[in-house]
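Let me begin by presenting the structure, written as structure tokens, before commenting on it.
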Amino acid sequence: MSDNRQDPFEIAYLRERKIRRAAEQLLEDKTRMLHQRNLELSKTNEQLMQQQTSMLKQEKLATLGTLAAGVAHEINNPLAFVTSNISALEAYHHAYHELFKYVKALREKMSSDKVDALDEEIKKLDLDYLDEDLPMLMNETLEGLERVKKIVLSLRNFARSQEGERALSDLNEGIRSTLRLVQSEIKQGIEVKLKLEDLPLVRCNPSEINQVVLNIIVNAAHATRDRPKPYIYISSSTDENNVYISIEDNGSGMSQHTMENLFMPFFTTKPIGEGTGMGMAIAHKIIEDHGGDLQVSSNEGVGSHFTLRLPITSDQ
Amino acid sequence: MKGVIFNVLEELVIETSGMVAWNNILAAAGSDGIYTSGASYDDAELFALVEQVCKALELPAETVVGIFGEYLFDQLDARHPDFVANAPDLRSFLMSVDTVIHGEVLKLYTNPNLPRFDYQNHGDGHLTMNYRSPRKLCLLAEGLIRGAAKRYDAQVSIEHKVCMHHGADHCQLDVSIS
């Protein structure tokens, strides 16, 4: 009950003030809620943008995969007959060389006017140089063809769609055998530390997974080449659903540009002719085909850290 | 300056001197007295009102601003009790002003022109608060600190040796809590 002696206008003023405060409080609460929602929306938007970028990347890789398959197929056919023809030419050259040797031997028994004519002809056709140069040309051509073959094989591996042979495999054993294989690549002085936890058997194509591990270790070995106290730490671990292989080095690390293009086919930081730029693209594709992922973090001048995750599938 | 500060000044004057006094102050300051808490108003308008309050009460500006600071703390605490509830003691409350409280204010208002505080916690109940604001309302800050001390039932003494009003780039408030 209000005091009857109090000014009714003052009572009304105080009541209105209360109402105003309540309205302002409501406005504040709503503003705070709006701010919170805005934060959530910004976060969701950022996630969507990241997913979109990732999807575009995946799409680009898928398109490149199709393209790679087509290119590999188109190159493979002429490559087969060029390789076969070169092998035949090599044999033909052998026959020609024997003939040339025979003619040279006959020359000794020829009359001087015939020798002069023969020498004139040999000189005119530059047959001495040709006989000497042909084997080198053949060798270089064969080496070139071998490189083309490797590139085509890489393209086919990148584009392959079938699962390949999968079996329950011990990934730790795979790591150990891969390390033995790359021993020559790992220069003396690089400390290689292994910390392998007991892992469940994982259904995978073990040679493909070994190929991924090998690629990463070889890259790590190259990156640590000129570093002080170089190391490569390899570890394996597991949780309820996945197994993880971690490969960490204190090598030269990667620039932002390299990180962004790491899994792109034909992207390489090596000099021309030293790398096809397909290693990490294939590695990424292999792990993706196995339902896992390949995470990488790197700091330029500090080192790189690859984490390979493979799911322990329920059909084990 | 946010309208809520004007609202609290109005409440203080009406509570202590009545509505007529507030109407006279508004008239003398040439203000219509319509302030919404979330809106921003010219700082000069608040200073003109405070000047008229000083004249009406025949008190120096330092005293009026100090008293207003203490009262302002009570009113803001009544509107936003969570800040005090979440700080167990005066020291932690004062240290939460710059990040926690002003952080919340920033969620509600765009460009609220908040003062900045940085702290040196000397650990023996002695805290240095460095105040920076182009408004130079360090005396209001002192009043707010005293209001907070009352709320926490703590005794404080504030030394204010370095002051923006004497040419420094910040005010140094050395707060001793007992």
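The values are calculated or read from the model by the stated rules, or taken from the named source; none is laboratory data. These numbers were taken from a predicted model, which means no experiment stands behind them. Using ideal geometry, Cβ is built from the backbone for each residue, glycine included, and neighbour counts are taken over all protein chains shown.
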Fill in the blank from the handout: Going through the stretch B:103-150 in order, the residues found to be aliphatic (A, V, I, L, M), more than 17 Å from residue B:47 (Cα to Cα) and touching a residue at least 40 places away in the same chain (Cβ under 8 Å) are B:108, B:127, B:129, B:144, B:145, B:148, B:149
Handout entry: Exclusive hit being assigned to a helix (DSSP H, G or I), touching a Ser or Thr at 6+ places or on another chain (Cβ under 8 Å), surrounded by 11 or more Cβ atoms within 10 Å (Cβ to Cβ) and more than 14 Å from every other protein chain (Cβ to nearest Cβ), set A:86, A:75
Key = A:86
Problem - Filtered residues of the stretch B:8-45 (kept if within 14 Å of another protein chain (Cβ to nearest Cβ) and in contact (Cβ under 8 Å) with a residue 40 or more places away in the chain) - result: B:8, B:9, B:11, B:12, B:13, B:17, B:38
Exercise for the section: Keeping to the stretch A:224-238, report how many residues are in a strand (DSSP E or B) and over 23 Å from the mean Cα position of the chain (by Cα). Expected result: 1
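Go through the stretch A:268-281 and give me each residue that's among the hydrophobic types (A, V, I, L, M, F, W, C) and farther than 17 Å from residue A:148 by Cα. Talk me through it step by step, then tell me what you get.
From the stretch A:268-281, those among the hydrophobic types (A, V, I, L, M, F, W, C) are A:272, A:278, A:280-281; that's our starting set.
The answer is A:280, A:281.
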Fill in the blank from the handout: How many residues of the stretch A:170-220 are touching a Leu at 6+ places or on another chain (Cβ under 7 Å) and under 18 Å from residue A:288 (Cβ atoms)? The answer is 7
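Specify which of the listed residues (A:68, A:62) is under 25 Å from the mean Cα position of the chain (by Cα), surrounded by 14 or more Cβ atoms within 10 Å (Cβ to Cβ) and either closer than 27 Å to residue A:152 by Cβ or modelled with pLDDT under 85 (or both). Before the answer, list the steps.
Details: A:62 fails: surrounded by 14 or more Cβ atoms within 10 Å (Cβ to Cβ).
Exactly one residue qualifies, and that residue is A:68.
Residues in the stretch A:33-53: is at least one basic (Lys, Arg) and within 9 Å of chain B (Cβ to nearest Cβ)? So that I can check it myself, show each step before the final result.
Just the residues of the stretch A:33-53 that are basic (Lys, Arg), to begin with: A:37, A:43.
Imposing the further condition that a residue be within 9 Å of chain B (Cβ to nearest Cβ) reduces the set to none.
For the stretch A:33-53, residues basic (Lys, Arg) and within 9 Å of chain B (Cβ to nearest Cβ): absent.
With A:203, A:227, A:180 as the choices, which residue is surrounded by 15 or more Cβ atoms within 10 Å (Cβ to Cβ), farther than 24 Å from residue A:297 by Cα and among the charged types (D, E, K, R)?
On the way: A:227 fails: farther than 24 Å from residue A:297 by Cα; A:180 fails: surrounded by 15 or more Cβ atoms within 10 Å (Cβ to Cβ).
Just one listed residue meets the conditions, A:203.
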Practice task
Could you tell me which numbered condition residue A:254 fails, if it satisfies all but one of (1) more than 14 Å from the chain's Cα centre (by Cα); (2) surrounded by 21 or more Cβ atoms within 10 Å (Cβ to Cβ)?
Solution key: (1)
Problem - First in the stretch B:79-102 and under 15 Å from residue B:151 (Cα atoms), second anywhere and of a type in the set (Val, Ile, Thr) and in a helix (DSSP H, G or I), Cβ under 6 Å, 6 or more apart - result: B:83/B:101
